[in-house]
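Since the structure comes first, as structure tokens, the remarks are kept for the end.
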Amino acid sequence: MTELTERLDTFETRLRSMEGELRTLRRLAHDATEEAVAPPPPLWEILEPEPQPEPRPEPQREPVTAPRVASPPRRRAPREPLDLAVLLGARALAWTGGAVTLLGIVFFFVLAVERGWIGAGVRVLLGATVSSLLVGSALWLRRRFGDSYASVSAAGAGIAGFYATLLAATSLYHLVPPSAALVAAAAIAAGGASLAWWWRSETLAALGLIGAILVPVPVALQGDLTAVGVSFAALVLAAATVVAVLRNWRVLHVFAIACAAPQALALSAYRPANAAVAVFAMWLVLAAVPTWLALRTRLTYHPAWLLMFSALLGGWCAGLLFGGTTQGVALLVLAAMYALTATAYYKRDRDTSSLLWALGLTLAAVAAASLFAGATLTIVWSAEAAVLAWLARRIREPRFQLAALVWLGIAYLHGLSSDAPLTKLFVENDTPWRSAPSAAALALGSAAVALCVFDWDDRPEGIFTRLFADLRGAQPSLRVGGFALAGLSAVYAGSLAVVAIPAEWDWGHVVVAALWSTLAVLLVWTRLRNWSLGALAGSVGLVVLYDLPQLAEAPRSWSFAVVAAGAFVVALVYELRSATPAAPSFAALAASAGLAAASAYELLGGDARSWAFLALAAAYALTGLAVLERRRDFATALGVTAFALALPASIWLLDGTWLVLAWAATAAVLAVLARFERRLEVGALAFLALALGHAVAFEAQPADALIARAHPGSGVPAVLLVIAGLVVFLRQRAVMRDRLLWVCGALALYAVTLAILEASEDLGGTVSAAFQRGHTTVSAVWAIVGLVLLVLGLKRSRALQIGGFALFGISLAKLFVYDLAYLSSVTRAFSFVAVGMLILVGGFFYQRMALDSRT
């Protein structure tokens, strides 16, 4: 129907296209006809000459094409109306009749037992008679009228009735011994399967075989759950699944398993006599038939899921039936059967064999969990992973490598959740060393998996082709990841072993920090120096995230110290072994300096702390000088680190002018050393800035020159020390020479100002009077200096000339802003007179020298 609709749509589209082309041809023919029969022009138009227009390019006429006709969208085939005959027809009546008849037979037996109507033998005979009549009627209907739903339903109900009768005669009335009942059940199952096979009727198989599987359920509801009933269900399940496989009746297969499996679980939980035999028979059917189905065709999702369900049911039933060592042995037996089957059919069907191997290994893992306890279980699973990895490399079979990864994952899950959890290392306890063997086993298993990676040729793998292709491409990553996981596990095992060595938990973590730092130092000397960064990051994280908030002050400080030493070595070696400056080395250096400073600050106090900081600064500075020629950037970083450590130490040790002296002397030394390394200029300028800032902020404050107080010149030595440092720097280096010269001049004038005020106080009188008297002299001195600069500027430099004018301006500003407001009338008058006269002299010299320069 769908193909015919598509053909009609195509024909309609082509027909519309032809109609469009025909209309276009007709329009063109009509235009040509009108041009041919047009009337001649008038006479005056012929005689009168026409003006010749400028030639214009004729527009190119686009070719006329037939218009495109959009093809209509494809129409979906209309849905077929719901056939109510499926629900209300002969098939439904036949199904309903067969099921009701079967239930009637079962309930009749139950009612007969409760009321005592007839004897046991008569009940069995009556059930067999009714079942025989149903089967006979089905055969007669089939032969007389052909295939019909009624014949199928009657045959199914009759076969189910035979099963119910046999079960009643065996379980309820004990008229038939169990051995004979099993033979009879096998015969009935064979007859039902043969009939369903002969008639090719899944309905008959469903009504007969599934109904027979459900026969033990009503009996079990009466409180009599026996192993015979479950064995009977297993036998019928075998017949049903065999027929389902041969006829490809998947619905029958799934429903038969769904009806039989719960009976095995219920029997396992109830644990009557011989329950293990019945459950084993049920599991054997559930495992064997999907294996046969997979080998018969190929491994698809249907047999794969059925096989996994069989393993799940077998493990669950073993857990319900047994306990302790018996449970582990039972699971090992199931695992061995899966493994033997996988080995037997390895060459025939590798996909099915791989799945069976995986199921066997999973059951073996659960068996090991039942047989062993504690650290032994993790060791066993890790060893299994190592053996499978070696076997996979030996025979070049990736399926075993995949199994090794699964085993290793299970070992890690169990080890980190039960045997060696992280709480053993980070929560104080008495027995962390007992978890060390588990962690060591995980490390060895990971290393074995990493060592046994291999390559193999492409080959068809069925539904697992993509999986194994990805696994082959991931071999390099698997190797690196395996070694990394092994290293982490080994470090964890070592940490668990050493954390309990000291008597106190806090000092044990100091040993752990030392272990991790030592590992980082050892790795940085090898080709795995990038891994040393990870070890160092773990060490820093350990002391910052755990030791800092959890440990006491003394052990915490020692943890900082050992990690700082390791970080320093890693930073230095990593930088020297790298071809270019490496950012990780700078990060490690920063971590080293920070942790070392924190350790010294907490461990020591007073002057000892200051000397410790100075010693650290000296160590970093000397290391920078040692690597200066090879790594200038890293040497600079070391110098900056030394500066950062020396700064607080000098503040703690010194004060006042002595601190300015230390900073100025350091600046002078750095300026001299800057001949060999230009970058030391920055350090010299930094110390000069610190010295100047401290001198102006604390020793020689601007308030000393503006507010009357005792000894305003006490800060003059500090200012002179800064000037001396600047002079040494200027003699050694030419950086910012002009600017620094002006700074020296300004500082010298500032020192002279403070000295004048101090000298004025020394001459006697009150502090206020001496201060005002001194400011008169200061104003005069400023004006004299301005005059000198102006004269020198007229002879030598324009900059000095501008400086003279600037100082004259500052002097005038001082007169009107400060002297006029704060000085007495006498001192104010002298200040104005002195500055005014000096400015007049300056004007005179400026005019004379300007005229001389012109002439």
Notebook entry, point to check: Can you name the number of the only condition in (1) buried (at least 16 other Cβ atoms within 10 Å of the Cβ); (2) assigned to a loop (DSSP other than H, G, I, E, B); (3) more than 50 Å from the chain's Cα centre (by Cα) that His694 fails?
Noted result: (2)
Notebook entry, point to check: Would it be correct to say that Leu622 is over 23 Å from Ser559 (Cα atoms), out of contact with any Leu (no Cβ under 7 Å at 6 or more places or on another chain) and not in a helix (DSSP H, G or I)?
Noted result: no
Next item on the list: Could you list all residues from the stretch 300-356 that are part of a helix (DSSP H, G or I), of a type in the set (Ser, Thr, Tyr) and more than 37 Å from the chain's Cα centre (by Cα)?
Entry: Thr325, Thr326, Thr341, Thr343
Notebook entry, point to check: Between residues in the stretch 727-748 that are over 19 Å from Arg798 (Cβ atoms) and residues that are of a type outside the set (Gly, Ala, Ser) and open to solvent by 40 Å² or more (accessible area, probe 1.4 Å), which pairs lie under 6 Å by C-beta distance while being six or more apart or on different chains?
Noted result: Gln732/Val672
Checklist line | Residue in the stretch 454-466 that is farthest from Arg348 (Cα to Cα), counting only those that are exposed (fewer than 14 other Cβ atoms within 10 Å of the Cβ) and not basic (Lys, Arg) | finding: Asp455
Check: Is the stretch 601-609 home to any residue that is assigned to a helix (DSSP H, G or I), closer than 30 Å to Arg577 by Cβ and not small (Gly, Ala, Ser)?
Finding: no
Notebook entry, point to check: Of all residues in the stretch 798-826, which are modelled with pLDDT of 75 or more and among the hydroxyl-bearing types (Ser, Thr, Tyr)?
Noted result: Ser811, Tyr818, Tyr822, Ser824
Margin query: Would you confirm whether or not the stretch 760-770 contains a residue that is touching a Gly at 6+ places or on another chain (Cβ under 6 Å), open to solvent by less than 30 Å² (accessible area, probe 1.4 Å) and of a type outside the set (Asp, Glu)?
Written below: yes
Notebook entry, point to check: part of a helix (DSSP H, G or I), open to solvent by 60 Å² or more (accessible area, probe 1.4 Å), of a type outside the set (Val, Ile, Thr) and in contact with a helix residue (DSSP H, G or I) (Cβ under 7 Å, 6 or more places away or on another chain), is that true of Trp558?
Noted result: yes
Notebook entry, point to check: Only one of Leu307, Leu321, Leu299 is at negative phi, in contact with a helix residue (DSSP H, G or I) (Cβ under 7 Å, 6 or more places away or on another chain), touching a residue at least 24 places away in the same chain (Cβ under 8 Å) and open to solvent by 20 Å² or more (accessible area, probe 1.4 Å); which?
Noted result: Leu321
Next item on the list: Name the single residue, out of those in the stretch 253-282 being touching a Cys at 6+ places or on another chain (Cβ under 7 Å) and open to solvent by less than 20 Å² (accessible area, probe 1.4 Å), that is nearest to Pro216 (Cα to Cα).
Entry: Ala264
Notebook entry, point to check: Looking at (1) in contact with a helix residue (DSSP H, G or I) (Cβ under 6 Å, 6 or more places away or on another chain); (2) modelled with pLDDT of 70 or more; (3) not aliphatic (A, V, I, L, M), which is the one condition that is false for Gly208?
Noted result: (2)
Checklist line | Any chance Ser489 is over 17 Å from Asp547 (Cβ atoms) and in a helix (DSSP H, G or I) | finding: yes
Notebook entry, point to check: If you check Leu749 against the conditions, is it closer than 21 Å to Ala710 by Cα, among the hydrophobic types (A, V, I, L, M, F, W, C), open to solvent by less than 20 Å² (accessible area, probe 1.4 Å) and modelled with pLDDT of 80 or more?
Noted result: no
Notebook entry, point to check: Can you tell me which residue in the stretch 780-797 is farthest from Ala748 (Cα to Cα), limited to those that are modelled with pLDDT of 80 or more and open to solvent by 40 Å² or more (accessible area, probe 1.4 Å)?
Noted result: Leu792
Note to self: On the basis of being assigned to a helix (DSSP H, G or I), surrounded by 23 or more Cβ atoms within 10 Å (Cβ to Cβ) and either of a type outside the set (Lys, Arg) or free of Cβ contacts under 8 Å to residues at least 24 places away in the same chain (or both), does Val366 make the cut?
What the structure shows: no
Check: Out of curiosity, is Ala718 of a type outside the set (D, E, K, R) and modelled with pLDDT of 85 or more?
Finding: yes
Notebook entry, point to check: Only one of (1) assigned to a helix (DSSP H, G or I); (2) touching a Gly at 6+ places or on another chain (Cβ under 9 Å); (3) exposed (fewer than 15 other Cβ atoms within 10 Å of the Cβ) fails for Val480. Which number is that?
Noted result: (2)
Next item on the list: Identify the single condition in (1) open to solvent by 50 Å² or more (accessible area, probe 1.4 Å); (2) more than 30 Å from Ile723 (Cβ to Cβ); (3) part of a helix (DSSP H, G or I); (4) hydrophobic (A, V, I, L, M, F, W, C) that Ala597 does not satisfy, given that it satisfies every other one.
Entry: (1)
Check: Which residues, counting only those in the stretch 482-525, are modelled with pLDDT of 90 or more and among the β-branched types (Val, Ile, Thr)?
Finding: Val491, Val498, Val499, Val510, Val511, Val512, Thr518, Val521, Val524
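The values are calculated or read from the model by the stated rules, or taken from the named source; none is laboratory data. None of these values were measured; they are calculated from a predicted model. Please note: Cβ atoms are built from the backbone with ideal geometry, for glycine as well, and neighbour counts cover all protein chains shown. These area figures cover heavy atoms from the full protein model, side chains too; ligands, DNA and RNA do not enter into them. Shrake-Rupley method; radii C 1.70, N 1.55, O 1.52, S 1.80 Å.
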